[in-house]
Structure formats: structure tokens, C-alpha cells
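The values are calculated or read from the model by the stated rules, or taken from the named source; none is laboratory data. Note that the coordinates shown come from a computational prediction; the quantities given were computed from them, not determined experimentally. Note that we place each Cβ from the backbone using ideal geometry, even for glycine, and neighbour counts take in every protein chain shown. These accessible areas exclude ligands, DNA and RNA; they are computed on the full protein's heavy atoms, side chains included. Shrake-Rupley method; radii C 1.70, N 1.55, O 1.52, S 1.80 Å.
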Amino acid sequence: MLARSGISATIVESAEFPRFHIGESMTGALADWFRTMGLIDMLTKCDHTVKRGVHVYGPSGANDFWVPVMRREGDEHVQSHSWHVRRSQLDAGLLEAAVAAGATIQRAKAVGVCRSRRGDIAGVRVRDGLTGERELAADVVVDASGAATVLSTLGVASKKVRGGYDRQISIYAHMRGVRRDEGVQSEATLIFVRSRGHWGWMIPIGDEVTSVGMVVPASYYRSVGLSPKEFFEREINDVNPQLARRLVGAEAIEWARTASNYSYQVRRFTGRNFLCIGDAHRFVDPIFSFGLHLAVFEAKYASEHILRFFNEPSVRERDDPFAEFADVCDRAQGRVESMIDCFWANSLAFAFFVHHKYKRDMIDAFAGRLYGEQLSPGMRAIARAALLAS
Ligand SMILES: Cc1cc2nc3c(=O)[nH]c(=O)nc-3n(C[C@H](O)[C@H](O)[C@H](O)COP(=O)(O)OP(=O)(O)OC[C@H]3O[C@@H](n4cnc5c(N)ncnc54)[C@H](O)[C@@H]3O)c2cc1C
């Protein structure tokens, strides 16, 4: 997005692409972003699976609810779809698109920052196996390093604090032979709840492969004392009968992996010449698949604010030229957190809002339309219910 706006952009990436990454279910608004950016081929040409909605099953497989992917045409909701993606393919495609737009890639690891004489951030120090360590000068540094939270770790942004869902661990695998449902249900993200903080997912990624995973209390995982693979094999069928019946005869084709302590926040994530986007400053909980959405939309707003930084001297002179960007991000991330808090603390109210009272508002929320200044009545009710239950 920066390169398309005519700004000279350098991406520092330490991993060799394609590489595995978790985060496969995309929101409706994110699919619209790909359409707007002219990148839709990236989704339609690979074997990514269409996503028609999200189906959530309560404990024991009962009390389920369905939220379809719909886009807005003025006041109307129109049937639409998003995608379930293989992140290895998607992320490699995005990197190629950035290069095609004019960005430069440095295959190296960011290990430090450079500072100007007055102490402001003036670039990054990077290291690779060939040339060792070197400096890259930059007017603005964007930290998009995900859970590595590089600028927080380096003491530029504030320290990481624990989020509300950090005492959990996720264990996941790619499987073949998982039983898919019929019709639109075969193209849904399925979520299976066992109890608070203990749940599973099923995401079709391609005709044959399904991403299957579970989130469990970290203390329970540790107390069992098994390897991720052993734990996955022993526990996955106990999450929810609706998940277990779909796994009969299925086999893992990728080793089970884990992600732990994944809920955190970096409260001061912008400053004179820097800003953090996506997981580099906050990660709430993956249950409603907002991670990729937030990373991309924060990147979009970051690009707009960086453009203002270059074009408007009055913005550039501020102590924190990116403070408004931080407010926009906090607002949307806070709304995601309210949804998740309400879902766990008052699941009956949540299901009532989604199913009956605020159906349209909740379709918008699940699609990722979370950035408006006004809260919809549905999201106001969600925030109130979350607060009452806390
Ligand atoms: C169990 C689980 C399930 C999830 N499910 C979903 C889902 O269904 N849908 C969804 O949208 N999201 C999901 N997420 C969240 C999603 O994975 C992340 O929110 C999303 O990938 C964040 O994107 P990002 O660009 O901020 O970071 P990342 O995608 O992690 O990208 C960070 C990049 O920075 C690079 N990097 C890191 N450190 C350095 C360094 N020092 N120097 C150079 N490069 C560096 C890394 O190699 C990486 O390529 C899930 C997360 C978990 C834990």
C-alpha cells in the first residue's frame, strides 16, 4: 500500500517464504479488501476454499448459531463469501504483490534500531548470514513482526502486558479425511466449544485438507505432560461431539504445532517515527478469526497516516504523529475484545443478540466492519453485557 502511494518502502523479512503460518479463516471485509486492491486472483487461483459463514456449536454440540458472510450495499445486506486460506501461499503472494508494487525486500532479521542525534528512531539494524549486521535508514519504521513484537522487545514501544486470554495454549494440525458437511456448511468455519477457554476449530483449506485445532487451559496441557502430537491425538475427540464425529477416520498430515501465551497488548505502540501493526502490538484471542483482518486493516490505516506524515508538516512535527492511528486501532481491537468477553462471560446473551435481536449488526461485526466511530446498537449491547459479566 505504501509503494502504491509512491513511498519508498523496504520490507525486512527473516523467514524464507513460503512458510507455514496459522490463521486461515478470513473475514468478509478482508475479502473485500483483496477485491478493492485488485488482488482477488491471489485467492481465486489457488486452492483456497470459499467461506460462507461461521457456525458455532455450544458445549455438547447444542445451542449452535450461524453467522453468514454478507457484504453491505448501502443499507442492504447481500449474500457474499470470503476464503479459507493456506497462509503459506497467501503470505508468499502478498510479498510478491508488494514487490510488484515497487517495494524492496531485505531477507534479514531486524535486531535493533538506529537513532538520530536527537534520539528519534531513524531506521533499523538488520542481520543476515551473508553480510552480517548493517543499518537501514528510514523516516518511519513499521513493526509488523507479529508475536515477535520487535519494537516492544527492543524497548522502543512499551512493554508487552498480558491479555485476558493468555493462560491458554493452542495445538493444531492439518488433517486429511475429515468429514465435511453438505451445502454451505461445507464452506464454513466451524467452532466447537467445550467450556470457557477450551474449544476447537475446523477450517477447510482446499478440497482435501482441513485445519483442525483446539485451545485448552495451559495448566491442563502442562499437567498432562504429553508431546503436542500425543496431546492432540488424545484430546481432540473430547472437545465436542460435533467435532469428534467429523474426525472419524481422519489422519494428521502435518505435525501438531502449538502456540502459547498468545494474548497480550503493547499499550504505547506509536511514537515520533514508528508504529506497530497487527500482532506486533496486540493479540486478543483467535476464536472469531480477526487476526489477519486486524493486521491488514491496521496496515491500511498505517499507510494513510504515513502518507499524512510525509505530506503534512504539521502532522510530522507532532510528538506522536501516529496517535490518531493508535486510536483507530484501539477502537476496533477493543470491540473485538468485547465480543469475545461477552461470548465467554454471557454466552446466552451473545447467542440471543446474534440470532435474534441484533442479527444485522452482528453480521457486520463478524464481517469485520468494526472501525466506524459510532457503535451499532448490537455492539453497544455486547459491550454492556461484557461489562456486566466481568
Ligand atoms: C491458534 C490460532 C488460530 C488462529 N486462527 C486465525 C484465523 O482463523 N484467522 C485469522 O485471521 N487469524 C487467526 N489467527 C491469528 C493470526 O495468525 C495472526 O493474527 C496474524 O497472522 C497476524 O499477522 P501479522 O502480520 O501481525 O503477523 P505475522 O503473520 O506473524 O507476520 C510476522 C512476520 O514478521 C516476520 N518477523 C518476525 N520477527 C522478525 C524480525 N526480527 N526480523 C524480520 N522479520 C521478522 C515473521 O517471519 C513473519 O513473517 C490465529 C492465531 C492463533 C494463535
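Here is a check on your reading of the model: is ALA244 away from the ligand (no atom under 16 Å from the Cβ), farther than 21 Å from SER8 by Cα and open to solvent by 10 Å² or more (accessible area, probe 1.4 Å)? Walk me through how you get there before you give the answer.
On the way: away from the ligand (no atom under 16 Å from the Cβ): yes; farther than 21 Å from SER8 by Cα: yes; open to solvent by 10 Å² or more (accessible area, probe 1.4 Å): yes.
Spelling it out, ALA244 is indeed away from the ligand (no atom under 16 Å from the Cβ), farther than 21 Å from SER8 by Cα and open to solvent by 10 Å² or more (accessible area, probe 1.4 Å).
Please find, within segment 165-187, the residue that is surrounded by the most Cβ atoms within 10 Å (Cβ to Cβ) out of those that are among the aliphatic types (A, V, I, L, M) and within 12 Å of the ligand (Cβ to nearest atom). Steps first, please.
So in segment 165-187, the residues among the aliphatic types (A, V, I, L, M) come out as 169, 171, 173, 175, 178, 184.
If we keep only those that are within 12 Å of the ligand (Cβ to nearest atom) as well, we get 169, 171, 173.
Working: ILE169: 21, ILE171: 24, ALA173: 22.
Going through the qualifying residues, I end up with ILE171.
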Open item on the list: Within segment 45-70, take every residue that is more than 17 Å from ASP32 (Cα to Cα) and open to solvent by 60 Å² or more (accessible area, probe 1.4 Å) and give me the one that is modelled with the lowest pLDDT.
Closed with: ASP47
Task: Residue list for segment 209-225, filter: more than 13 Å from the ligand (Cβ to nearest atom), surrounded by 14 or more Cβ atoms within 10 Å (Cβ to Cβ) and either of a type in the set (D, E, K, R) or outside any helix (DSSP H, G or I) (or both) - done: VAL209, PRO217
- [ ] Could you give me the residue pairs with C-beta distances under 8 Å whose first residue belongs to segment 79-105 and is on the phi > 0 side of the Ramachandran plot, whose second residue is open to solvent by less than 50 Å² (accessible area, probe 1.4 Å) wherever it lies, and which are 6+ apart or on separate chains?
- [x] GLY102/ALA3; GLY102/ALA9
Task: All positions within segment 97-116 that are more than 24 Å from the chain's Cα centre (by Cα) and not in a strand (DSSP E or B) - done: ALA100, GLY102, SER116
Task: Among residues of segment 114-156, those that are open to solvent by less than 30 Å² (accessible area, probe 1.4 Å), farther than 21 Å from ALA3 by Cβ and within 14 Å of the ligand (Cβ to nearest atom), counted - done: 4
Open item on the list: Pairs please, first residue from segment 235-252 and within 14 Å of ASP181 (Cα to Cα), second anywhere and open to solvent by 60 Å² or more (accessible area, probe 1.4 Å), Cβ atoms under 6 Å, 6+ apart in sequence or on different chains.
Closed with: ALA244/ASN237; ARG246/ARG179
